[in-house]
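The values are calculated or read from the model by the stated rules, or taken from the named source; none is laboratory data. Note that the structure is a prediction, hence the values are computed from the model and not measured. Note that we place each Cβ from the backbone using ideal geometry, even for glycine, and neighbour counts take in every protein chain shown. We work out accessible area using only protein heavy atoms, side chains counted, and drop any ligands, DNA or RNA first. Shrake-Rupley method; radii C 1.70, N 1.55, O 1.52, S 1.80 Å.
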Amino acid sequence: MKAVGIIAEYNPFHNGHKYQIEQARQATNADAVIVIMSGNWVQRGQPAILDKWDRAQMALENGADMVIELPVQCAVQPVDIFASHAVNILAGLKCEWLSFGCEHPDINFNELANVDLKETKIVHDFTKSYAELIREALINTTEEDVSAPNDVLALNYAIANRKNDYQMKLVPIKRSGANHHDRNLNNDGSIASASSIRLAILNNSKELFHYIPESTDIESFKNHVDWENFWPLLKYKIETSSIDELNNIYQMTEGLEYRLKKYVYEAQSFDEFLRLVKSKRYTYARLKRLFVYTLLNWHKNDDLCQEYIRVLGFNKNGREYLNKIKKQIEMPIITKINKELSESELNFDVVSGRIYENINHIPQDAGKIPLIY
């Protein structure tokens, strides 16, 4: 059996994601579609609007054969680290192809992956977004303009694939319908951006159901969350931590702990707090990731590189694929969490899940087994 891998967040799952799965299967004729998905906290530093189990179920109902959770410590990271971990796990699952949606599928991502982007300088320059820095580096070196959000992701997938000498074939799929950051649903009537769908969910708009698969359980949207729900927990964490304790938080730099302490007393909401802390030196995504690290109590000396295969769900086809290749897989395969795992490899996931379930009141890890579709 041969598999095509997809890296996703499905925040939430919508018709565009269903289209991508269908196109990836068609383009590769793969026996299985394997999705590695961010769990309850996503790459740009936000709580997922629906929990990982609801989103995994939606993916399985709409073409995915197996859904794997990207460990939270790998997911809530700058795009290059996020991409590297996700690609590592898909390669570990012996995927033959890596498919992704992008704005310009005609770009030769394999060729651009060989360009020296001076990653250290990019990662530490917080005055511009990562996409802006990538764009500048490539224009200066190759005159190729890679600035659209999903093109930047695609390039980082290609870099990780090439850097580790993985042999996965890249399968870019042209994004259909809305642009990545569109905030309204006014387009062709079937595909909208995840950003606009999240906004519609928060506003209880009935229009959003035109843009999600018919199989979606409407009741699941009642359990949605956003940063405002977690604001009291974040505020408590900052207020009860000393400056030294905040300074020890992962990625806390340049006196940011003082800005957090200063503005936590002034802000009346999460959005206001974010705007007050924001400066020209830091992007919103960088700050929101820092707030996740603070809320989840990640420290500078924590080992945030653990990789494993946490199965959230599969159908008969996905289970057959996993059974056929599991003897070739070197990473731990986890289908059920016990006390030992909760306190070791999966500690970050379990703790982040407990924080999340404080808000949506649905158990996230204890006693959970993979969904069977």
Legend entry - Near pairs, Cβ below 9 angstrom, 6+ apart or cross-chain, from the stretch 281-307 (within 19 Å of H85 (Cα to Cα) and among the acidic types (D, E)) to any residue that is part of a loop (DSSP other than H, G, I, E, B) and open to solvent by less than 10 Å² (accessible area, probe 1.4 Å): E307/P71
Legend entry - Residue satisfying all of: in the stretch 320-356; under 21 Å from the mean Cα position of the chain (by Cα) and free of Cβ contacts under 8 Å to residues at least 12 places away in the same chain; most open to solvent (accessible area, probe 1.4 Å) among these: R354
Inset, instruction - Quick one: in the stretch 201-217, of everything that is open to solvent by less than 30 Å² (accessible area, probe 1.4 Å) and within 19 Å of S176 (Cβ to Cβ), which residue is modelled with the lowest pLDDT? - result: L208
Inset, instruction - Kindly indicate which of E228, E245 is at pLDDT 95 or above, in contact with a Ser or Thr (Cβ under 7 Å, 6 or more places away or on another chain) and acidic (D, E). - result: E228
Inset, instruction - Give the number of residues within the stretch 24-42 that are farther than 26 Å from V225 by Cβ, crowded, with 22+ Cβ neighbours inside 10 Å and not β-branched (V, I, T). - result: 3
Legend entry - Selected residue [over 21 Å from the mean Cα position of the chain (by Cα), without any contact (Cβ under 8 Å) to a residue 24 or more places away in the chain and part of a helix (DSSP H, G or I)] from L246, L276: L276
Legend entry - Filter result (assigned to a loop (DSSP other than H, G, I, E, B) and open to solvent by less than 20 Å² (accessible area, probe 1.4 Å)) within the stretch 1-12: Y10, N11, P12
Legend entry - Output for the stretch 218-234, where each listed residue is surrounded by 12 or more Cβ atoms within 10 Å (Cβ to Cβ) and under 19 Å from H17 (Cβ atoms): S220, F221, H224
Legend entry - Residue among I68, I21, I81 that is buried (at least 21 other Cβ atoms within 10 Å of the Cβ), within 23 Å of R162 (Cβ to Cβ) and either in contact with a Leu (Cβ under 9 Å, 6 or more places away or on another chain) or aliphatic (A, V, I, L, M) (or both): I68
Inset, instruction - Tell me, yes or no, whether the stretch 117-130 has at least one residue that is surrounded by 14 or more Cβ atoms within 10 Å (Cβ to Cβ) and at pLDDT 90 or above. - result: no
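For (1) crowded, with 17+ Cβ neighbours inside 10 Å; (2) outside any loop (DSSP other than H, G, I, E, B); (3) in contact with a Lys or Arg (Cβ under 7 Å, 6 or more places away or on another chain), each residue gets a yes or a no:
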{"site": "Y236", "(1), (2), (3)": "no, yes, no"}
{"site": "T253", "(1), (2), (3)": "no, no, no"}
{"site": "E272", "(1), (2), (3)": "no, yes, no"}
{"site": "K280", "(1), (2), (3)": "no, no, no"}
{"site": "R286", "(1), (2), (3)": "yes, yes, no"}
{"site": "R289", "(1), (2), (3)": "yes, yes, no"}
{"site": "G318", "(1), (2), (3)": "yes, yes, no"}
Inset, instruction - Filter the stretch 302-316 down to residues that are modelled with pLDDT under 95 and open to solvent by 60 Å² or more (accessible area, probe 1.4 Å) and give me whichever is nearest to the chain's Cα centre (by Cα). - result: C305
Inset, instruction - For the stretch 260-278, state whether one or more residues are over 22 Å from L233 (Cα atoms) and of a type in the set (S, T, N, Q). - result: no
Legend entry - Flag for H104 being open to solvent by 10 Å² or more (accessible area, probe 1.4 Å), in a loop (DSSP other than H, G, I, E, B) and either modelled with pLDDT of 95 or more or not aromatic (F, W, Y) (or both): yes
Legend entry - Selection status of L295, in a strand (DSSP E or B) and surrounded by 16 or more Cβ atoms within 10 Å (Cβ to Cβ): no
Inset, instruction - Report the residue count in the stretch 150-179 for those that are open to solvent by 10 Å² or more (accessible area, probe 1.4 Å), in a loop (DSSP other than H, G, I, E, B) and over 20 Å from I81 (Cα atoms). - result: 4
Legend entry - Checklist (1) polar (S, T, N, Q); (2) open to solvent by 10 Å² or more (accessible area, probe 1.4 Å); (3) within 26 Å of I249 (Cα to Cα) applied to N15, failing item: (3)
Inset, instruction - Would you mind finding the one in A75, A32 that is out of contact with any Lys or Arg (no Cβ under 7 Å at 6 or more places or on another chain) and within 30 Å of L234 (Cα to Cα)? - result: A75
